[in-house]
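**Student:** Input: one structure, supplied below.
The values are calculated or read from the model by the stated rules, or taken from the named source; none is laboratory data. Predicted, not measured: the structure shown is a model, and the values here were computed from it. Positions of Cβ are generated from backbone atoms using ideal geometry, with glycine treated the same way; all protein chains shown enter the neighbour counts. Only protein heavy atoms, including side chains, enter the accessible area calculation; ligands, DNA and RNA are left aside. Shrake-Rupley method; radii C 1.70, N 1.55, O 1.52, S 1.80 Å.
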Amino acid sequence: MSSAALTPARAPRARARVLLAVAPGALLTLLALTGPLFAPRPMDEPVTAPYAPPGTAALLGGDQLGRDVLSRMLHGGSALIGSALAVAVTVTAVAAVLGCFAVLSPTVGRLVERGADIAILLPPVLGMMLLALAWPGGGRFAVMAAALALGVPYAVRVVASAAAPVAASGFVEAAAAGGERLWHLALREVLPNLRATVLALFGLRFVAAVYVISMAGFLQLGPRPPAADWALMIRENAPGALLNPWAVVAPSLAIGLLAVSVNLAADALTPAARRAAAGT
Amino acid sequence: MAGPLSGTATERTEAATPPVAAPAPRRAAAAALGAGVVLAKRALMLAVLLAAVFAAVELLPGDAASATSDRGESAADAAARRRLLGLDRPVWERFLDWMTALPTGDLGTSARGEHVTDLLSAPFPNTLLLGGTAFAATLATALALGCWAALRPGGPVDRIVNVTSGITLALPEFVVSVGLLLPLSLWTGWLPAVTLTAPDGAPASWTMLVMPVLALTVPQAGWNARIVRGALADQAGAPHVSAARLDGLSPRRVLLRHALPGAWPAIATGAATSTGMLLGGAVVVETLFNYPGLGTVLAGAVSDRDTPVIAGVVACTGAVISLVLLCADVIRARTLGARP
């Protein structure tokens, strides 16, 4: 934050660069969300032979039931990106609030610290398997709940480490001495000074959510088979990878591109806050 | 998502307060006490995690007796088995039993009546082999790339390492696996696509390890290369490193002898947080390559609602991660102790 404020001359160029880095991710997200509108074929009906190679009937060939790979691709991204976005927004919001409370109240701070220490012992995939399969019928919501529970402890820690110097600054102490209540201090005095950190955190949480949710799709924990989901498509079509490689390559490319472009965007959002906040 | 993408390098300073200038025996005693406290803390965290896992599995609908029941089994049979498995007792009582048996190496009995220790004894070493090899490969690659990039800050190598690590670190392991599987196995036939198991339960040939290890290493190496590069950049500004450079030592010598030692704590912390990602990723990669590891056991155990097996897997991976975190703590304490 402070570095951006100290160098006003370079701000426009830096902003243009950030926009340029964010554009691919935003574009891909938009394309995936509107994808179902462009699908040339029905998503769930066989239109060609199983694992048919690309042809006039299906531009990217058929999948294991002869359904159109291209149409399924266009349908498969919105749910993945939508739930990843929802998880990222919720984790960031919860972490922003909790992080501010954590630096103002030693009890909350200790709880957060211990929680993150314990959560690090549970690999995210294990935690997700536990929650998703143990909540039968939970489907996508179980996966989202797992992604939330696994993401919050770390995110709170990042916010708390960025909020610590703010909480120790004069104006917060003055407000505290003035008898303001805890929630007022956290939400009105501390949080508004953490915009850069929260923005960067949102980018990172989006990357993380794409990872966790696509992992769940691959393990067949979230969306059930008739659904078109990029990660699920990879798993389903892997046996026929030699007959129609596109049925596997196309969804892999889509997830890879999504992960990379979202990460580049998060990276571009980070630098200003990186030194102060994430400590990386 | 645990490690890499979540601001892992946040310093934890709890274990890094070595006593300064005490007499040698007292210092040794204090160090031993400190080590004991740190160990106890890690063990306690693991216990809390296991309690949470027990509670989570209990709170969810259905139980092991009904999940493993055979077709046509009567309700009375299921109830009898529930009693046999001790599922009619309160959860905290079973948790206490399980925890007190843990120090003797007894991980309890699964819902199908097998000893969990027997159930995990073959797959766990396989997963450790996979994860351990990937960990070594990750550390070696990250150190080599990070140091190489740090030799010429802003140079072409630095920029290439920065961009490629940014691309690879976000890729899920199964996407990397597909990217390897198609060219290296299905199109050329160079490496086997499926892991075959030898009679002793281990993979039949080392070639079957190559692709799973690569799939785990690529994203983690990208992440750790960034940490190494960042830690070296921080060290480059330190007074003793500038002094060494001004003395006219070669850049390589300055990097390896003066900057790298101070960068170890950050590198160790980063690598330690990669352990969870490596073990978790291993579970996923195992399903794709049909590797005989914890992944298969776990998938079966979760659908059976088999609490002791799940808790056993979590205990094993948690213990490994605790151990690696402990090593990182030791490295940090030693480095900070040497240069207070």
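**Student:** Give the residues of region B:308-322 that are within 11 Å of chain A (Cβ to nearest Cβ) and not hydroxyl-bearing (Ser, Thr, Tyr), sorted by residue number.
**Tutor:** Passing the criteria: B:Ile310, B:Ala311, B:Val313, B:Val314, B:Ala315, B:Cys316, B:Gly318, B:Ala319, B:Val320, B:Ile321.
**Student:** Right, B:Leu186: in contact (Cβ under 8 Å) with a residue 12 or more places away in the chain and either assigned to a helix (DSSP H, G or I) or under 21 Å from the mean Cα position of the chain (by Cα) (or both) or not?
**Tutor:** It is false that B:Leu186 is in contact (Cβ under 8 Å) with a residue 12 or more places away in the chain and either assigned to a helix (DSSP H, G or I) or under 21 Å from the mean Cα position of the chain (by Cα) (or both).
**Student:** Conditions first: (1) open to solvent by 50 Å² or more (accessible area, probe 1.4 Å); (2) in contact with a helix residue (DSSP H, G or I) (Cβ under 9 Å, 6 or more places away or on another chain). A:Ala228 passes all but one, so which condition is the exception?
**Tutor:** Condition not satisfied by A:Ala228: (1).
**Student:** Does region A:35-51 include one or more residues that are open to solvent by less than 10 Å² (accessible area, probe 1.4 Å), part of a helix (DSSP H, G or I) and modelled with pLDDT under 80?
**Tutor:** Looking for residues that are open to solvent by less than 10 Å² (accessible area, probe 1.4 Å), part of a helix (DSSP H, G or I) and modelled with pLDDT under 80, one finds at least one in region A:35-51, hence yes.
**Student:** Show the residue pairs that are 6+ apart or on different chains and have beta-carbon atoms under 9 Å apart, the first residue being within region A:137-165 and at the interface with chain B (Cβ under 9 Å from one of its Cβ atoms) and charged (D, E, K, R), the second being surrounded by 20 or more Cβ atoms within 10 Å (Cβ to Cβ) and assigned to a helix (DSSP H, G or I).
**Tutor:** Filtered contacts from region A:137-165: A:Arg157/A:Ala95; A:Arg157/A:Gly99; A:Arg157/A:Ala102; A:Arg157/A:Val112; A:Arg157/A:Ala116; A:Arg157/B:Ser6.
**Student:** Just the residues that are within 9 Å of chain B (Cβ to nearest Cβ) and open to solvent by 10 Å² or more (accessible area, probe 1.4 Å), please, taken from region A:115-125.
**Tutor:** Within region A:115-125, A:Ile118, A:Ala119, A:Ile120, A:Leu122 qualify.
**Student:** Moving on. Output the qualifying pairs, or none if there are none: Cβ atoms under 6 angstrom, residues six or more apart or on different chains, first residue in region B:128-140 and assigned to a helix (DSSP H, G or I), second residue among the polar types (S, T, N, Q).
**Tutor:** Matching pairs, first to second residue: B:Ala134/B:Thr217; B:Ala137/B:Thr217; B:Thr138/B:Thr217; B:Thr138/B:Gln220; B:Thr138/B:Asn224.
**Student:** Being closer than 22 Å to A:Gly115 by Cβ and either open to solvent by 30 Å² or more (accessible area, probe 1.4 Å) or aromatic (Phe, Trp, Tyr) (or both) is the filter here, so list the residues in region A:166-205 that pass it.
**Tutor:** Passing the criteria: A:Leu182, A:Trp183, A:Leu187, A:Leu191, A:Val198, A:Phe202, A:Leu204.
**Student:** Identify the residue in region B:170-202 that is more than 22 Å from B:Pro123 (Cβ to Cβ) and at pLDDT 85 or above and, among all such residues, is surrounded by the most Cβ atoms within 10 Å (Cβ to Cβ).
**Tutor:** It comes out as B:Val175.
**Student:** Say whether the condition of being open to solvent by less than 10 Å² (accessible area, probe 1.4 Å) and within 18 Å of B:Leu59 (Cβ to Cβ) is met by at least one residue in region A:95-114.
**Tutor:** no
**Student:** Identify, from the list B:Pro212, B:Pro199, B:Pro192, B:Pro239, the residue that is away from every other protein chain (no Cβ under 11 Å), over 19 Å from the mean Cα position of the chain (by Cα) and within 17 Å of B:Val285 (Cα to Cα).
**Tutor:** Of the residues listed, the single one that is away from every other protein chain (no Cβ under 11 Å), over 19 Å from the mean Cα position of the chain (by Cα) and within 17 Å of B:Val285 (Cα to Cα) is B:Pro192.
**Student:** Looking for something touching a strand residue (DSSP E or B) at 6+ places or on another chain (Cβ under 9 Å), surrounded by 22 or more Cβ atoms within 10 Å (Cβ to Cβ) and either on the phi < 0 side of the Ramachandran plot or not in a helix (DSSP H, G or I) (or both) - is there at least one such residue anywhere in region A:69-81?
**Tutor:** yes
**Student:** Are there any pairs, at least 6 apart or on different chains, whose C-beta atoms fall under 8 Å, with the first in region B:222-244 and of a type in the set (Lys, Arg) and the second open to solvent by 40 Å² or more (accessible area, probe 1.4 Å), and if so, which?
**Tutor:** B:Arg226/A:Thr280; B:Arg226/B:Asn162; B:Arg229/B:Leu145; B:Arg229/B:Asn162
**Student:** Could you figure out which of (1) more than 11 Å from every other protein chain (Cβ to nearest Cβ); (2) over 17 Å from A:Leu126 (Cα atoms); (3) open to solvent by less than 10 Å² (accessible area, probe 1.4 Å) isn't true of B:Gly270?
**Tutor:** Condition (1) is where B:Gly270 drops out.
**Student:** Additional query: Of the conditions (1) at pLDDT below 80; (2) within 14 Å of another protein chain (Cβ to nearest Cβ), B:Trp206 clears all except one; give me its number.
**Tutor:** (2)
**Student:** Residues B:Thr296, B:Thr317: which one is out of contact with any Cys (no Cβ under 7 Å at 6 or more places or on another chain), of a type in the set (Ser, Thr, Tyr), open to solvent by less than 30 Å² (accessible area, probe 1.4 Å) and within 18 Å of A:Pro123 (Cβ to Cβ)?
**Tutor:** After ruling out the rest, the residue left standing is B:Thr317.
**Student:** Let me ask something else about it. Can you pull out the residues in region B:157-169 that are open to solvent by less than 10 Å² (accessible area, probe 1.4 Å) and either farther than 18 Å from A:Ala266 by Cβ or at the interface with chain A (Cβ under 10 Å from one of its Cβ atoms) (or both)? I'd like the intermediate steps shown before the answer.
**Tutor:** Step one: of region B:157-169, the residues open to solvent by less than 10 Å² (accessible area, probe 1.4 Å) are B:165-166.
Result: B:Gly166, single match.
**Student:** Might you let me know whether region B:10-26 holds any residue that is facing another protein chain (nearest Cβ under 9 Å), open to solvent by 80 Å² or more (accessible area, probe 1.4 Å) and at pLDDT below 75?
**Tutor:** Yes, there is a match, as at least one residue in region B:10-26 is facing another protein chain (nearest Cβ under 9 Å), open to solvent by 80 Å² or more (accessible area, probe 1.4 Å) and at pLDDT below 75.
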